[in-house]
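To keep things clear, I will list the structure first and then write my remarks on it.
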Amino acid sequence: MWRDVLLLMQLYWKTDRRDLTRLRGWRLVGTLVGLIAFLFIGAFSAAAGYGLSFLTRPESPVQLEPGIVPGLLLTVVLFGVLFTGLNQAMRALFLSGDLDQLVVAPIRTRAIMIAKLLSRLPGNIALLLIMAVPAFVAYGIGVGAGVIYYVLGLVLLLLAPLFGLAVGALLSMLLVRWLPVNRLNEMLTATYALLGIFIALLAQLPRFLFVNEETSTQTLETAGDMITRVQSLPFPTLLAGRGLMALDAFQFDGPGLLGLLVYLLLTLGLFLGVVFGGERMYLSGWLKAQSAGGKRRGLEERDNVFGGRSLAVTIGVKDWLLRVRDPRQLVSLLGGSVIAVFVSALAIFNNNGGEGSLLDASASGALQAPGALAALTAAFQPGVIMSAWSLFAAYVMLSTPAQGALPLERQSFSLLKAAPLRPVEVWWAKMWSIAIPSAIVFVIILTVARLIFPFSLAWVPYALVAGVLITIALVMLSVSVGFRFANLDWQDPRRMTTSGGGWIGLLLTLVYGVPAVIITLAPFALAQLWPQWSLPLMLAGAVVLALGTWLWARFMARWAERAWELLSA
């Protein structure tokens, strides 16, 4: 059996290595950017680990036992791989493309399970090496740990992914008996997206916990009390951290050694138990997954959904039904909306340590220059700031659905391409299905913002017109980027476009956005000098911006039409 496992592992590693050596173009650039980001994460992890070592010293205001930090690191890593293990185990055991051949091949099912699960280790180990190992090593340097700490600690960290894969394999083998595997994959991806949104919102807590010196002191005192309580908890990972430090000091601490033993049973022991004891369960789950599905009702089978409607309405209704049906896309849409509104609102409304928010400074006139220089600082007026925030929030909410408007067709694109439709008609239909909701969202956010934070009503109609035009133009760009960089074979909604689309989209956003912002702000800035000309300046700005948006629409439509011919049906 182990020979089969080794052979399969060698084949998987060769495939992964070949994929890495064939990176070209934008994929190579994206990989290099990711590596640089990982280096920064590793440096931050090392700095955090070394900083925590100072909390073990007697003069520290918050006292930590030497073993608590390694135990907390093991706890975080173990819970982290627990969340990722289910999705990875399910993909490895039920969604791999070569399982049809492997299951019927003269190979033990147990060998297939081991090879498939272990093939998911490199990604987990790489993430562990970047996020946990620097902190682990730096903390050891700070407390003056010995060789046993580094060697045994690294072994404990490398065993952690086995826990997540074992639990994930066990749960996936149970869940596929009640849910189709593809539907289960969608639900898991949506769950992970929700978890990512929660973590992103949780990362904003320091803004509230460390507002000023008094609040920071209270936060540190509360953290000290919580750490004191955590140190006494009988978690196996915390006990393993104590045992690790005890062994490094050649002390045989009873609870610590017991924690090390329990940790080994939770990781290596549980993995071996699932692999050697779940062979029959895996085969029955695999057969159940192959027979799941049954008849699916397509959208075309539903009466009176699309009949009698225009092309734009038909495509728009169909696209939004698909987005609502897929929990991954629905969570991405709602999560992006929450983050866009919440994070950007913090930047505007946050009190900045008691010094007042950006809007407070704007309303008090602290950001405006006096006299003739007022035109140069017109962009810092409260109404302009709120309009910009509303525009940003509305666009970020729906930019991802706009880029995925054409890739949403997937295999149905061949039918769309064979239909008696011009590409520009499809582009307009896709564009309006996103542009209209985006414009409505912008108007709603700006109206609510005006009710919450009063500013001059004189320029609100102009702000509405200009904001709607800019929103539509940006949606046009996102839809056209989706045409040019469409990935019609996507499995993950986050991969609807190929590499390079984000960079090109950012560049073209600046090409349109910078002139559009100048044209939009120019009438308002000039009106600070000549208030009597406000109405003609509004009309002139709206006309020029509308003309520029019309030219932009023609350019985007032609670009999408040329990209249409490059897409294979």
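Read-outs throughout are calculated quantities, based only on the coordinates presented, and are distinct from any laboratory measurement. Values in this document were obtained by computation on a predicted structure and should not be read as measured data. Ideal geometry is used to build each Cβ from the backbone, glycine not excepted, and the neighbour counts take in all protein chains shown.
Using 0.36 nm times the number of residues separating LEU171 and GLN10, minus their current alpha carbon distance, what extension gain do you get?
Going from the current span to full extension adds 55.2 nm.
Going by average Cβ density within 10 Å per residue, which order do the peptides 143-153, 458-468 take, highest to lowest?
458-468, 143-153
Evaluate the Debye formula for segment 380-445 with equal point scatterers sitting on the alpha carbons, no solvent, and hand back log10 of I(q)/I(0) at q = 0.14, 0.23 Å⁻¹, in q order, two decimals.
After summing over all Cα pairs, the log10 values are -0.53, -0.94.
Round to the nearest 0.05 the FRET efficiency obtained for VAL33 and LEU272 when R0 = 30 Å and r is the Cβ-Cβ distance.
0.20
Estimate the FRET efficiency between LEU535 and ARG108 by the formula 1/(1 + (r/R0)^6), using the beta-carbon distance for r and 51 Å for R0, to the nearest 0.05.
The formula returns an efficiency of 0.05 here.
Once the Cβ-Cβ distance between ARG554 and LEU330 is put in as r, and R0 is 22 Å, what FRET efficiency do you end up with, to the nearest 0.05?
With R0 = 22 Å, the Cβ-Cβ based efficiency is 0.10.
Each label point is 7 Å from the Cα along the Cα-to-Cβ direction; what then is the distance between the points at LEU322 and LEU154, in nm?
4.9 nm
May I ask you to compute the full-extension gain from ILE504 to ALA126, defined as 0.36 nm times their residue separation minus their alpha-carbon distance, rounded to one decimal in nm?
133.1 nm
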